[in-house]
Amino acid sequence: MPRLLAGATLALLGCLLAGCSTSTPPTTAATTAVPVADATPPGADASGSPAVATPVAAPAVAGHELDAAKLVVPATPAVGTLGGGRFAPTEVTLTGNELTFAVLKAGDAPGVASSLTVKFPAAGVKLADGFKLVVKSDEPESPALPGVELFTTVGDKPLIHVYPNGYALSLELGKREAGKQPGKLSISLPDGTKSYLAGSFTAEARRVAGEPPGPDESPAVHGLVTIAGEAKGELEVGLIGQPAGQVVTETVTLPVAGPPGRVNRVESVRRTALACGAAGEFRYEHVLVPAGRYLVWARQTPGPLAWKWVSVAAGTVTDAPLTLDAKLAGKLTVTTTQPEGTLRLIPRDGDAASVVPELSLSLALKLDAPSDAKAFAAVPPGRYDLVATLKSGTEWDRKPVEVKPGEATSVTLK
């Protein structure tokens with residue numbers, strides 16, 4: 001019983017005709033062609049009895065059926081009825097252990113108008129690998145049995161019906177690839193309006209906050225962002241690299257203060273996201289990026305900056321945590337004879353100078369003040385190229401420098 005919470009011959013035989021032949025002796029003999037009668041009259045079988053057409057069974061039609069052995073799973077997109085009305089999902093998602101078929105509200109109004117959700121047990125099922133499942137309507141309620149939740153509205157009043165058992169289900173999920181997971185199902189609920197849903201679908205796989213990217217989303221890089229200081233301002237994370245000679249750069253931001261469960265996503269060919277988990281922790285991810293070498297970074301504004309170089313290989317997911325701690329920052333003072341121009345700090349990749357000019361623009365490690373003594377007050381520890389350019393953009397000096405945690409460093413340019 002549901003729990004109500006608020007909220008498929010006819011054969012044609014051909015006739016054979018005998019031919020005639022002539023010979024060339026002196027005496028000519030005529031040969032008469034005799035037709036050969038059909039042994040079986042039209043419309044009769046070999047015994048001469050009238051033929052009876054073999055009946056062709058009509059194709060099975062999906063509908064409400066609580067006998068799991070009789071459930072029909074058509075190859076067409078999943079449709080059915082829900083609460084007595086037609087139900088044709090406009091969105092199918094697989095988030096965590098929940099498979100949801102939803103009809104979104106029309107127009108600009110956000111939200112779900114109606115939905116059917118199959119909630120799988122939290123343990124014991126690897127949804128990304130795909131599987132087959134049949135549930136009979138007479139199975140007893142059990143923690144190992146998926147629960148089904150029906151969401152509808154009556155007027156403006158939302159209604160939620162929960163079915164821990166009593167339903168019939170036939171489900172097949174394919175393997176997840178590139179964030180998509182195909183499947184097909186037929187499910188019938190034990191409600192008074194005979195709600196059911198049957199057909200094929202492709203679900204968009206959505207991970208819950210804090211869940212790392214899966215192999216189907218590789219190449220990817222992700223990590224925890226630790227904020228050692230006060231929870232204020234805005235957190236920005238980014239990625240920049242030049243795989244195969246093409247610059248790839250992504251950024252996304254999220255306010256530091258606020259409730260947990262917040263997510264900001266930027267989606268194109270790739271996907272970048274920054275999420276605040278249930279415990280208030282921040283995690284970033286850059287998925288489906290080209291394999292290559294990247295600099296990932298995080299900045300709290302106002303506050304410290306952190307960065308590191310990572311290798312992202314094909315078919316892998318790289319974990320690269322970042323820590324924002326103002327106490328680790330160093331200071332770099334630059335003395336130069338040029339009265340005007342720009343100084344930039346570009347993170348070095350080990351012993352190699354970076355070949356990505358956009359790096360300094362992404363990290364905003366630059367000074368423009370026309371002064372003999374110029375100081376970078378809060379620099380993340382690491383090795384850099386200090387690049388000096390004139391107002392015209394011409395580079396006039398470059399020098400490698402190293403900034404150590406909590407220390408002041410001085411350098412002189414010509």
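The values are calculated or read from the model by the stated rules, or taken from the named source; none is laboratory data. Remember, predicted model here, so these are calculated numbers, not experimental data. As a convention, Cβ positions derive from the backbone with ideal geometry for all residues, glycine included, and neighbour counts pool all protein chains shown.
The figures follow:
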quantity: Yes/no for Pro219 being surrounded by 18 or more Cβ atoms within 10 Å (Cβ to Cβ) and either closer than 15 Å to Asn97 by Cα or in contact with a helix residue (DSSP H, G or I) (Cβ under 8 Å, 6 or more places away or on another chain) (or both); calculated: no
quantity: Residue list for region 254-279, restricted to those being more than 15 Å from His222 (Cα to Cα) and surrounded by fewer than 16 Cβ atoms within 10 Å (Cβ to Cβ); calculated: Pro255, Ala257, Gly258, Pro259, Pro260, Gly261, Arg262, Glu267, Ser268, Val269, Ala278, Ala279
quantity: Filtered residue count, region 95-139, keeping only those that are in a loop (DSSP other than H, G, I, E, B), modelled with pLDDT under 90 and in contact with a Lys or Arg (Cβ under 9 Å, 6 or more places away or on another chain); calculated: 3
quantity: Criterion violated by Val135 - all others in (1) touching a Pro at 6+ places or on another chain (Cβ under 6 Å); (2) closer than 19 Å to His64 by Cα satisfied; calculated: (1)
quantity: Identity of the residue in region 188-208, among the small types (Gly, Ala, Ser) and surrounded by fewer than 18 Cβ atoms within 10 Å (Cβ to Cβ), that ends up modelled with the lowest pLDDT; calculated: Gly192
quantity: Filtered residues of region 277-331 (kept if assigned to a strand (DSSP E or B), of a type in the set (D, E, K, R) and closer than 23 Å to Ala377 by Cβ); calculated: Arg299, Lys308, Lys331
quantity: Of the criteria (1) loosely packed, with under 14 Cβ neighbours inside 10 Å; (2) in contact with a Pro (Cβ under 9 Å, 6 or more places away or on another chain); (3) not in a loop (DSSP other than H, G, I, E, B), which one Ala144 fails; calculated: (3)
quantity: Test: Glu340 is among the acidic types (Asp, Glu), surrounded by fewer than 19 Cβ atoms within 10 Å (Cβ to Cβ) and modelled with pLDDT of 90 or more; calculated: no
quantity: Conditions (1) farther than 13 Å from Leu343 by Cβ; (2) modelled with pLDDT of 85 or more; (3) exposed (fewer than 14 other Cβ atoms within 10 Å of the Cβ); number of the one not met by Gly393; calculated: (2)
quantity: Meets criteria (in contact with a helix residue (DSSP H, G or I) (Cβ under 7 Å, 6 or more places away or on another chain) and outside the structural domain of Val287 (by TED's automatic domain parsing)) for Ala168; calculated: yes
quantity: Test result for Thr226, in a strand (DSSP E or B) and farther than 22 Å from Leu328 by Cα; calculated: no
quantity: Scan of region 147-185 for residues that are of a type in the set (A, V, I, L, M), crowded, with 20+ Cβ neighbours inside 10 Å and more than 15 Å from Thr100 (Cα to Cα), ordered by number; calculated: Ala168
quantity: Restricting region 229-253 to residues that are in a loop (DSSP other than H, G, I, E, B) and of a type in the set (Gly, Ala, Ser), the residue that is surrounded by the fewest Cβ atoms within 10 Å (Cβ to Cβ); calculated: Ala231
quantity: Meets criteria (closer than 30 Å to His286 by Cα and touching a Phe, Trp or Tyr at 6+ places or on another chain (Cβ under 6 Å)) for Gly174; calculated: no
quantity: Odd one out for Leu185, checked against (1) within 21 Å of Lys126 (Cβ to Cβ); (2) at pLDDT below 95; (3) out of contact with any Cys (no Cβ under 8 Å at 6 or more places or on another chain); calculated: (2)
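Matching residues to (1) of a type outside the set (D, E, K, R); (2) under 25 Å from the mean Cα position of the chain (by Cα); (3) farther than 17 Å from Arg207 by Cα:
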| position | (1), (2), (3) |
| --- | --- |
| Phe87 | yes, yes, yes |
| Phe101 | yes, yes, no |
| Lys126 | no, yes, no |
| Gly130 | yes, yes, no |
| Lys136 | no, no, yes |
